[in-house]
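Right, one structure below, let's go through it.
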Amino acid sequence: MDFNTLLNKEFICLDGGMGTMLQARGLKPGETPEAWNLENPQKLIDVHKEYIAAGADIIYANTFGANRYKLEHCGYSVERVIRAGILNAKRAVSESVNPNALVALDIGPIGQLLEPTGTLTFEEAYDIYKEQVTAGREADVIVFETMTDLYELKAAVLAAKENSSLPIICTMTFEENMRTFTGCAVSSMALTLEGLGVDAIGINCSLGPEELFPIAEELCKWTTLPVVLKPNAGLPDPVTNQYSLSPKRFAELMEKFVSLGVKIFGGCCGTNPEFIREVSAMLKTRKFSPRNVTILAACCSASKTVEINRPRIIGERINPTGKKRFKEALLANDIDYILGQAIEQVRGGADILDINVGLPGIDEGAMMVRAVKAVQGVVDEPLQLDSTIPEVLEKALRVYNGKPIVNSVNGEEKSLQSVLPLVKKYGAAVVGLCLDENGIPKTAEGRFNIAKKILDRAESFGIRREDVYIDCLTLTVSAEQTAAMETLNALRRVKNELRLKTVLGVSNISFGLPQRVIVTQNFLTMALAYGLDLPIINPNVPEMTAAVRAFNVLSCHDENSMEYVRCYGNTESAASPAPANTEITLDYALANGLKSEGAKITEKLLETTDAMDIINKILIPALDKTGAEFESGKIFLPQLILSAGVAQSCFEVIKNHLAKTGTKSVSKGKIIVATVKGDIHDIGKNIVKVLLENYGYDVIDLGKDVDYQAVVDCAIENDVHLVGLSALMTTTLGSMEKTIKLLRENNVDCKVMVGGAVLTPEYAAKIGADYYAKDAKESCDIAKRVFEEFYPQG
Amino acid sequence: MQLDSLNRAEAFRYMGHKGGEIPENINALADECEGKLLAAIRPNYVWRVFDIEKTGGGISVSGTSLALTGNDITEHLRGCERCALMCATLSIGADSVIRAYESAEMEKAVIADCLASAAIEQVCDIAEREIQAAVGDYHYTWRFSPGYGDLPLGLQRQFIEVLQAQKRIGVTVTDSLILIPRKSVTAVIGISTREISKGRQGCSSCNMRETCQFRKNGKHCGG
């Protein structure tokens, strides 16, 4: 018997809770249940046999927490514990009433949260799961359950797919708000996992069947896969720890899920063989009702699904092409610059963000991974992964959390062969460009034919029609006037005849013409009327987002003009407390925390004043003044940071200006800042970074939880003479000491300053730091001293 | 559980405010941060009551493998027959709000961080009251957390295992013993049939009073 054969049965019955069964046999809460695989095998065999006797077709081996992190303290290896767990289950099957019962390798969450909230990396999670999957090779099926983080689950599924050929069942744990603890939506789970090619998906734990009903209902709408349901026996009482539902009531409630089209039933916490017996008996009286669902075009992040059922804006700004400041940021590894662009576009109205970091001279793959991880950590919007290099696309696809769009494939054989298998493997949607070996066809007919070819090839790889979006390509109308209509006619045919979603970058249309925005906006409106679904635009240009919003009103997508009114109904913007009728000065902006005003004034000043003069004569003295006010207690922390933020927006304008004019910015010296290994408190470090940057230092921010060696390598590679380390926990001060020690052992020519709540000047001296900074202001004083006294050349 | 507003005064104190008017622009930022946090967080807690027993090195929590070690917890729970273990969290939503601010708006990140710190205290206060109401008419100690006094921080992992806090409210612990979501708290509350002396409710009787980080920051852990 195997899982696929089992699926031919009307219903599949799983087992019930393991924890409660073991606790009834003497396991204490807080002990490692998986150690019993080796210490009390007979007890486990007995439990498994009881479940099979009760009607379970699949039993879960006692391997839920058998990962290297959770077993660390119990003295047994992952391999031993898992093998023993599977062996016990197999023995139970062979001794049971149903020798066809299957054994599942049961795998739960690792127990640590992944980056960016936690410290575990995606790659480490993959590795941990790979070890478990490999150890459980004797099982009949792999189950990932009680998952709350879609990202962790993706690492798990990839580890299973790439190291085993067993079928995979995934169940996640949702709360009553229809989300998991990490904010994963039901639709995101379904789209992502079905895309990755698992065999069944569902819901387990957290709540009883009654509370899980709306969640199961939603899930059934979003997947064509068999759906699994494994609820708790109601809710536990904190004093008695007893669950609220009886086996009979549990089975009654479970019966309601049959009509939803749920196929696979079991029980989680608080259930025992009696529950499974009742459920199994109930299922024998019912017939499976197959679901007829079509999953429409959509992409998603873990927390947000964007259905392509109306025009959706793809933000184009994360792309260095033609942007000097962006190129500089990439070369300097300045991820915050990219994050700023991401947040700004979302505020502007982007539904999806395109990410392109291709630039000669950088490792595009590594940069892409960093950018994808960082951007998906701060915005909910799904991403479109944009590169011409398949290897870069694959790296991005691996670490993306959700179902992304791949930008792009084209009609060239080489492109089809290399990109489409990736799209299939990672379950993405794909943009198909209407060009091939012979370039861009002049006619609508030619482009339509390429679109058709791309669709056919995509389908032959098993990619759904709904996941192919065609780009009919915009050409510059000033160079070739008839081309605009060819693009639009091709778009209409692709949309109507091939029934595919369409995507189009529109900005190129107006190149070379005056008042470009007029032409671009009107072309966009025309394209929308011809059936464009995904305009790729700069959402920060108000005319462009306005065109899309107006179209959504006129085409009845924006019901009752709700969105339009929300965006434009209140045109009075929140007035800033600027003095009426008087010109505000940069000093005033700095003192009052007016960021955009600060930037505007700087722009104006640059027309008449030298950039360095603005820095040295206005910005630095203003910063010195707020610094002194902070020290004397006249202002407090948020005010200090706010005025530093204004200065930062002024510096951004200056940097842009210098990049455009090709002037090399003057650096006062390079400084590394890092929150040490094991520590994740990075607010303090980030405050220091902002202030140091304001004083003209090049700050290399290594982030949080930074490996000792990474600090050393970075200091050597970039010839850095000042390293700032931060730690906020007594448990991570040791990491600070080790980092300093390693710097010294490697004879790195640098000074070290340290800071953080638990540090004292005495302790700082003891662990070999050169300076202790009591706050961010003092770190600037230290930097000044270090570069003046020891490294005047920077 | 739902919070309707956050304790601003407490949050500003965490930011180093030493009295006087809060400037208008900072209050406006706090409004925005508070709104964002309230929309993003899902405050939640789990708890269980256990019988306790005094042992050589501290207190053993009956029926579990958890031992609360040290003089301070022994003293804290003196005379108590039972204790409630609790774990509360603001949920990962708070972390996300703060992180999104950190890339470009540090002033909001700092304000949101301090507001969230105040919020988790509010959640713990509500949880404590609800636990007391559910357990009934007994005497209770204040909340004592791993890391206070000489109760080891190293207990965090087992503490959340016993409460199944990851499964039930999504709280995990890193190798460095940091709880994630960041704004999460574990605590022990003693339950007694007899009155609990007030002497045990402050820093003066704590043997960590010279080195306690909590105290150094101007806070105290109960009383």
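Observations on the structure shown:
- Qualifying residue in the stretch A:507-521 (condition: of a type in the set (Gly, Ala, Ser), under 31 Å from the mean Cα position of the chain (by Cα), surrounded by 18 or more Cβ atoms within 10 Å (Cβ to Cβ) and assigned to a helix (DSSP H, G or I)): yes
- One residue stands out in the stretch B:127-139 among those that are surrounded by fewer than 17 Cβ atoms within 10 Å (Cβ to Cβ) and in a helix (DSSP H, G or I): the one that is farthest from the other protein chains (Cβ to nearest Cβ), namely B:Arg129.
- Pairs, first closer than 10 Å to A:Leu691 by Cβ and hydroxyl-bearing (Ser, Thr, Tyr) in the stretch A:769-794, second at pLDDT below 95 and outside any helix (DSSP H, G or I), C-beta under 6 Å, six or more apart: A:Ser779/A:Ala773
- Only a single criterion out of (1) in contact with a strand residue (DSSP E or B) (Cβ under 7 Å, 6 or more places away or on another chain); (2) within 30 Å of A:Met544 (Cα to Cα); (3) not aliphatic (A, V, I, L, M) is not satisfied by A:Gly267, namely (2).
- Just one of the listed residues (A:Asp698, A:Asp719, A:Asp713) is away from chain B (no Cβ under 14 Å), within 37 Å of the chain's Cα centre (by Cα) and on the phi > 0 side of the Ramachandran plot, and it is A:Asp719.
- B:Ile22 being β-branched (Val, Ile, Thr) and at pLDDT 95 or above: no
- All positions within the stretch A:636-655 that are more than 7 Å from chain B (Cβ to nearest Cβ) and aromatic (Phe, Trp, Tyr): A:Phe651
- Verdict on A:Arg83 being crowded, with 17+ Cβ neighbours inside 10 Å and modelled with pLDDT of 95 or more: yes
- Taking the listed residues A:Ala674, A:Ala644, the one that is outside any strand (DSSP E or B) and either in contact with a helix residue (DSSP H, G or I) (Cβ under 8 Å, 6 or more places away or on another chain) or of a type outside the set (A, V, I, L, M) (or both) is A:Ala644, with no other qualifying.
- Filtering the stretch A:15-29 to residues that are surrounded by 16 or more Cβ atoms within 10 Å (Cβ to Cβ) and within 11 Å of chain B (Cβ to nearest Cβ) leaves A:Gly19, A:Gln23, A:Leu27, A:Pro29.
- Residue satisfying all of: in the stretch B:46-64; small (Gly, Ala, Ser) and part of a strand (DSSP E or B); farthest from A:Gly19 (Cα to Cα) among these: B:Gly58
For every residue, the table says whether it meets (1) under 26 Å from the mean Cα position of the chain (by Cα); (2) closer than 18 Å to A:Ile52 by Cα; (3) surrounded by fewer than 20 Cβ atoms within 10 Å (Cβ to Cβ); (4) in the same structural domain as A:Ala428 (by TED's automatic domain parsing).
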residue	(1), (2), (3), (4)
A:Gly261	no, no, yes, no
A:Gly266	no, yes, no, no
A:Cys269	no, yes, no, no
A:Pro273	no, yes, no, no
A:Ile276	no, yes, no, no
A:Val279	no, yes, no, no
A:Pro290	no, no, yes, no
A:Leu296	yes, no, yes, no
A:Cys299	yes, no, no, no
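- Taking (1) out of contact with any Pro (no Cβ under 9 Å at 6 or more places or on another chain); (2) within 14 Å of another protein chain (Cβ to nearest Cβ) in turn, A:Gln345 satisfies each apart from (1).
- Restricting A:Ala773, A:Ala757, A:Ala765 to residues that are over 36 Å from the mean Cα position of the chain (by Cα), under 30 Å from B:Leu151 (Cα atoms) and not acidic (Asp, Glu) narrows the list to A:Ala765.
- Restricting attention to the stretch A:626-667 and to residues that are surrounded by fewer than 23 Cβ atoms within 10 Å (Cβ to Cβ) and aliphatic (A, V, I, L, M), the residue that is modelled with the lowest pLDDT turns out to be A:Val666.
- Check on A:Glu50, away from chain B (no Cβ under 14 Å), among the charged types (D, E, K, R), part of a helix (DSSP H, G or I) and surrounded by 20 or more Cβ atoms within 10 Å (Cβ to Cβ): yes
- Looking only at residues of the stretch A:552-591 that are small (Gly, Ala, Ser) and assigned to a loop (DSSP other than H, G, I, E, B), we find that the one that is modelled with the highest pLDDT is A:Ser555.
- Here the stretch B:1-45 is the region considered, the condition is being among the acidic types (Asp, Glu) and in a loop (DSSP other than H, G, I, E, B), and the residue that is surrounded by the fewest Cβ atoms within 10 Å (Cβ to Cβ) is B:Asp4.
- Among the candidates B:Cys124, B:Cys114, B:Cys87, residue that is in contact with a helix residue (DSSP H, G or I) (Cβ under 9 Å, 6 or more places away or on another chain), more than 8 Å from every other protein chain (Cβ to nearest Cβ) and either surrounded by fewer than 20 Cβ atoms within 10 Å (Cβ to Cβ) or in a helix (DSSP H, G or I) (or both): B:Cys114
- Filter result for A:Lys670 (within 14 Å of another protein chain (Cβ to nearest Cβ), in contact with an Asp or Glu (Cβ under 7 Å, 6 or more places away or on another chain) and at pLDDT 90 or above): no
Each row is one residue, and each column tells you yes or no for (1) at positive phi; (2) at pLDDT below 95; (3) charged (D, E, K, R).
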| site | (1), (2), (3) |
| --- | --- |
| A:Val262 | no, no, no |
| A:Glu278 | no, no, yes |
| A:Cys299 | no, no, no |
| A:Ile308 | no, no, no |
| A:Asp334 | no, yes, yes |
| A:Gly340 | no, yes, no |
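- Which listed residue is within 11 Å of chain A (Cβ to nearest Cβ), within 30 Å of A:Val379 (Cβ to Cβ) and more than 16 Å from the chain's Cα centre (by Cα), from B:Ser65, B:Ser103: B:Ser103
Each row is one residue, and each column tells you yes or no for (1) β-branched (Val, Ile, Thr); (2) over 16 Å from the mean Cα position of the chain (by Cα); (3) more than 29 Å from B:Ser176 (Cα to Cα).
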site: A:Asn100; (1), (2), (3): no, yes, yes
site: A:Leu105; (1), (2), (3): no, yes, yes
site: A:Gly111; (1), (2), (3): no, yes, no
site: A:Gln132; (1), (2), (3): no, yes, no
site: A:Thr148; (1), (2), (3): yes, no, no
site: A:Ala156; (1), (2), (3): no, no, no
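- Residue count for the stretch B:48-62 under the criterion of being touching a helix residue (DSSP H, G or I) at 6+ places or on another chain (Cβ under 8 Å), within 14 Å of another protein chain (Cβ to nearest Cβ) and among the charged types (D, E, K, R): the result is 1.
- Of the residues making up the stretch A:484-506, those that are assigned to a helix (DSSP H, G or I) and surrounded by 18 or more Cβ atoms within 10 Å (Cβ to Cβ) are A:Ala484, A:Glu486, A:Thr487, A:Leu488, A:Ala490, A:Leu491, A:Arg492, A:Arg493, A:Val494, A:Lys495.
- Residue in the stretch A:428-440 that is surrounded by fewer than 17 Cβ atoms within 10 Å (Cβ to Cβ) and either assigned to a helix (DSSP H, G or I) or within 18 Å of the chain's Cα centre (by Cα) (or both) present: no
The values are calculated or read from the model by the stated rules, or taken from the named source; none is laboratory data. Keep in mind the model is a prediction, meaning the values are calculated, not measured. Note that we place each Cβ from the backbone using ideal geometry, even for glycine, and neighbour counts take in every protein chain shown.
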